[in-house]
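K.L.:
Have a look at this one.
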Amino acid sequence: MERSTGPVIPKVVQSIDGYVTNEGIELIGQKLELATAEVTAVSTFYTQYKSKPVGEYHVGICTNTLCAVMGGDAIFSSIKEHLSIENDGVTSDGKVSVEHIECNAACDYAPVVMVNWEFYDNQTVQSTKDLVDSARAGKPIPPTRGPKTLRTWKQNSAVLAGISDGLANEGVQAGEPTLLGLNKAKGGA
């Protein structure tokens with residue numbers, strides 16, 4: 001029977017170290033009796049795994065077609081300039097990093113920004129500047145959907161590894177635009 005690291009194991013390492021370290025890959029390989037190449041294959045396949053440190057608040061800005069025309073390109077450009085960093089860069093204080101995201105799968109709320117995988121819908125250049133500034137100040141603006149508070153990169157990595165933070169049912173889960181098609185399919189308005 002073939003074993004796999006699955007996507008969960010590197011997330012545990014990331015929740016502790018902030019990224020998937022070489023030491024973490026070796027430890028996973030030893031514990032699961034896998035070659036480090038097998039573990040590396042998993043940790044480099046998924047874009048949620050990072051091979052170098054990111055900020056305490058990792059900002060993913062969607063610039064796919066719909067988000068781009070709705071303002072995503074302007075947001076991405078402005079935030080890089082505002083923070084004086086490039087794509088995949090981290091602020092000098094280590095608080096915020098920025099990443100170009102091809103799609104956040106939330107087109108009904110374009111343009112969308114994600115911070116530590118939490119949604120910030122219908123963003124503008126100014127609202128995103130306010131968001132990154134609040135994160136740098138240690139008082140991040142709450143997500144527009146999901147939990148009522150924004151957790152750190154490491155904390156959310158632990159949640160994605162299956163460690164519950166008790167916030168799964170907190171806040172708005174799916175808004176009206178998301179549910180519109182479902183309601184129409186069920187014969188509703």
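K.L.:
What order, most packed first, do the peptides 46-54, 172-180 have when packing is the mean number of other Cβ atoms within 10 Å of each residue?
P.N.:
Listed from highest to lowest mean packing, they are 46-54, 172-180.
K.L.:
Short version: ³J(HN,Hα) in whole Hz for each residue of the stretch 117-126, in order, from phi by Karplus 6.51 cos²θ - 1.76 cosθ + 1.60 (θ = phi - 60°), x for Gly and Pro, what are they?
P.N.:
Using θ = phi - 60°, the values come out as 6, 9, 7, 10, 8, 6, 7, 10, 4, 5 Hz.
K.L.:
Which value, in Å², gives the accessible area per residue of the stretch 57-160 when a 1.4 Å probe is used on the protein heavy atoms?
P.N.:
Counting only protein heavy atoms, the per-residue value for the stretch 57-160 is 43 Å².
K.L.:
Once all Cα-Cα distances of the stretch 57-160 are split into 10 Å bins that start at 0, what whole-number percent is in each one?
P.N.:
Using 10 Å bins, I get a P(r) of 17, 54, 28, 1 for the stretch 57-160.
K.L.:
Hey, rough spin-label estimate for Ala37 and Leu66, points 7 angstrom out along Cα→Cβ, what's it come to in nanometres?
P.N.:
Going from the Ala37 label point to the Leu66 one covers 4.1 nm.
K.L.:
Oh, and also: So which trypsin sites (Lys or Arg not before Pro) in the stretch 143-173 are both in a DSSP loop and have at most 12 other Cβ atoms within 10 Å of their Cβ?
P.N.:
Of the trypsin sites (Lys or Arg not before Pro), the ones in loops of the stretch 143-173 whose Cβ has at most 12 other Cβ atoms within 10 Å are Lys148.
K.L.:
How big is the antiparallel share of DSSP beta bridges in the chain, given as a percent to the nearest 5?
P.N.:
55
K.L.:
Next question, about the same structure. Tally Lys/Arg at +1 and Asp/Glu at -1 over every other residue whose Cβ is under 12 Å from the Cβ of Ala161; what's the total?
P.N.:
Around Ala161, the surrounding residues sum to +1.
K.L.:
Right, something else. If you take every DSSP beta bridge fully contained in the stretch 57-160, what fraction is antiparallel? Give it as a percent rounded to 5.
P.N.:
55
K.L.:
For the chain, restrict the atom set to alpha-carbon positions and state the Rg and Dmax in Å.
P.N.:
For the chain, the Cα radius of gyration and maximum Cα-Cα distance read 17.8, 56 Å.
K.L.:
Follow-up question, since we're still on this one. Using DSSP to call loops (not H, G, I, E or B), can you name the GluC sites (Glu not before Pro) in the stretch 74-129 whose Cβ has at most 15 other Cβ atoms within 10 angstrom?
P.N.:
Glu86, Glu102
K.L.:
Of all the accessible heavy-atom surface of the chain, with the other protein chains kept in place and a 1.4 Å probe, what percent is carbon and sulfur?
P.N.:
Carbon and sulfur together cover 54 percent of it.
K.L.:
Amide H to amide H under 5 Å from Val96: which residues, 5+ apart in sequence or cross-chain, H placed 1.01 Å off N in plane?
P.N.:
Amide H neighbours of Val96: Glu56, Tyr57, Thr91.
K.L.:
Suppose every K and R has +1 on its Cβ and every D and E has -1 on its Cβ; what is the size of the dipole of the chain about the Cα centre, in Debye to the nearest 20?
P.N.:
In total the dipole reaches around 420 debye.
The values are calculated or read from the model by the stated rules, or taken from the named source; none is laboratory data. Computed from a predicted model, the values in this text were never measured in an experiment. Note that each Cβ is placed from the backbone with ideal geometry, even for glycine, and that neighbours are counted across all protein chains shown. Surface areas here come from the heavy atoms of the whole protein model, side chains and all, with no ligands, DNA or RNA. Shrake-Rupley method; radii C 1.70, N 1.55, O 1.52, S 1.80 Å.
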